[in-house]
Amino acid sequence: MDAASFILLACLGLGAAAGDLARSNASASISALSQRHRLARRRAEPTASLRHDVKLQAGPVTQAHGGSATQVHEGPQQAVMPHEGPAMQTQSEEVAASLALSDRLLLAAKSPGIGDDTREMLTALALCTPCHRPERFGEPHDGGYLLCTDSLDSVSTVLSFGVNGFDGFGMDVVEKWGAQLHEYDCTNDKRPAACEGCKGRITFHDQCLRGQQEAAKDDYVTLDDIMQHDVDTTQSQHPGKLLMKMDIEGSEWPVLSQTSSDVLSHFEQAVVEFHWLDQVDKHHIYHKAVDQLAEAGLKPAHLHGNNNEGMALFGEYRVPNVLEVTFARQPAGTSCASGLSYHDAQDSPNNPNFPELALAHLPP
C-alpha cells in the first residue's frame, strides 16, 4: 500500500470515528485514541532482528549505527530505527503522519463537554510544586521515578507498594539516605535482591493494599493498618521523612480516595502510577483520590506518561492513560507555581522499544 492510500484510509477511518464521537460521550473518544496509538506502535515496532538497534534519544536524530536513521516523532523523544531501504522508511513516515493526523482529527471532534469530576481531576493533576533538584531513583526504564531532593534532607522510611520482584526505587532510596524500606506485594512473592548496604533495612510483606471501605480479604490491608503497625509515625527512633511509591495496577484509586488526609499528611513525597484515566465513569473516584492528596498538602511536582499505553483525550485536554506523578509537599502559605516544565532530561520511556508519549495538556 502506498503512502497516499494509507493516509486516505486513515482519514476515512478517523472521520467515521469522529462522527461517532460527536454522537457519544467523551469516553468513546478516549478509547479510540488509545486503540489507535497502540495500533500505530505495533506497526512502528521494529522486528525482532532489529529491536536491539532501537535507541531513544532526545532532540533531533540524524544517524544511528553509522547509517541513516528514520525518525518517529511523538513528544520530546524519538524512536530511531536503522534505515532498511525505501520500504521501511516509507512505512515509518506513514505511521508518523497517521499519528499526527489522528491527534488533529480527534482534537477537532469536539466532545459534548467534559463533566465536573473530569475537569477537577485534570486540574488537580496539573503541575503545582516546583522541583528544583529532581533526581531519578530506580530502574532505567519501568520502575524508575523522579523525587524532588531539594525538600529531602533525610528520609527515615519508604513504603513501596507493588514491587513485582524488583524494587530499584526503594533500594536507591535506602542507599542514599539509609532509610528503612517496607515492600508490599501479595501477587508476586519473589523478594527483590537487596542492594549493597541495604541488608537489615528491608522488610518484605506478602500483602496488598485495599481501600478503607472495601471488603476485607486475606493478604489485603489498608494504608491505615500499615501506618499503625509498620511505621513509626512519631519518627522518634528514625528522624527523617516518610516516602511512598505506589504502583498497584488501578487499586490506587480506591486506596487513596478512602484514606484520610490525616494519614496521607505523614508523607513528605509520594510517587503514584495512576492507571486507566480513560475510564470516565470512575472520575468521581479519581477526583476524590487526588483531592485527598491535595488536602494532605501533596501537590504534583512531576508528571511522566507510561508509553505502554496511549493518550486519554477529554475535549481539548489530553493526558497519558497511565500517568506517573510525583507529589511533593507544597510550601505553606504558597499558591501553585505557573510555567513549570512537564519534561525532565532524566525521564526515560517505560518501554524502550517505543517512543515517549506526547506531553500532557491540562486545564490551567
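When residues in segment 262-290 are screened for being of a type in the set (S, T, N, Q) and over 25 Å from Pro134 (Cα atoms), 1 of them pass. Look at (1) assigned to a loop (DSSP other than H, G, I, E, B); (2) touching a residue at least 60 places away in the same chain (Cβ under 8 Å); (3) surrounded by fewer than 22 Cβ atoms within 10 Å (Cβ to Cβ) and you find that Asp291 fails only one, number (1). Applying the criterion of at least 3 residues that are modelled with pLDDT under 95 and out of contact with any Phe, Trp or Tyr (no Cβ under 6 Å at 6 or more places or on another chain) to the strands (runs of 3 or more DSSP E) found wholly in segment 132-206 leaves an empty list. Put simply, of Thr222, Thr157 the only residue that is of a type in the set (Ser, Thr, Tyr), crowded, with 18+ Cβ neighbours inside 10 Å and without any contact (Cβ under 8 Å) to a residue 40 or more places away in the chain is Thr222. One residue stands out in segment 124-140 among those that are under 14 Å from Leu298 (Cα atoms) and not hydrophobic (A, V, I, L, M, F, W, C): the one that is surrounded by the fewest Cβ atoms within 10 Å (Cβ to Cβ), namely Pro130.
For segment 170-223, residues that are small (Gly, Ala, Ser), in contact with a helix residue (DSSP H, G or I) (Cβ under 6 Å, 6 or more places away or on another chain) and closer than 19 Å to Thr259 by Cα total 1. If the condition is being part of a loop (DSSP other than H, G, I, E, B), farther than 22 Å from Gly143 by Cβ and open to solvent by 20 Å² or more (accessible area, probe 1.4 Å), then segment 259-288 contributes Ser260, Ser265, His266, Asp278, Gln279.
Tell me whether segment 308-320 contains one or more residues that are buried (at least 23 other Cβ atoms within 10 Å of the Cβ), under 16 Å from the mean Cα position of the chain (by Cα), assigned to a strand (DSSP E or B) and at pLDDT 95 or above. Scanning segment 308-320, I find no residue that is buried (at least 23 other Cβ atoms within 10 Å of the Cβ), under 16 Å from the mean Cα position of the chain (by Cα), assigned to a strand (DSSP E or B) and at pLDDT 95 or above, so the answer is no.
Taking segment 251-307 as the range and being touching a strand residue (DSSP E or B) at 6+ places or on another chain (Cβ under 6 Å) and aromatic (Phe, Trp, Tyr) as the test, the residues that pass are Phe267, Phe274. Against the list (1) at negative phi; (2) part of a loop (DSSP other than H, G, I, E, B); (3) of a type outside the set (S, T, N, Q); (4) in contact with an Asp or Glu (Cβ under 9 Å, 6 or more places away or on another chain), the condition Pro331 fails is (4).
Scanning segment 111-142 for residues that are in contact (Cβ under 8 Å) with a residue 40 or more places away in the chain and either on the phi > 0 side of the Ramachandran plot or basic (Lys, Arg) (or both) yields Gly113, Arg119, Arg136.
The residue that is least open to solvent (accessible area, probe 1.4 Å), counting only those in segment 165-193 that are charged (D, E, K, R) and more than 27 Å from Asp218 (Cβ to Cβ), is Asp172. Reported count of residues in segment 194-219, each being open to solvent by 30 Å² or more (accessible area, probe 1.4 Å), small (Gly, Ala, Ser) and under 16 Å from Met246 (Cα atoms), is 0.
The values are calculated or read from the model by the stated rules, or taken from the named source; none is laboratory data. Owing to the predicted nature of the structure, the values given are computational and were not obtained by experimental measurement. Glycine gets a Cβ as well: all are built from the backbone with ideal geometry, and neighbour counts include every protein chain shown. We work out accessible area using only protein heavy atoms, side chains counted, and drop any ligands, DNA or RNA first. Shrake-Rupley method; radii C 1.70, N 1.55, O 1.52, S 1.80 Å.
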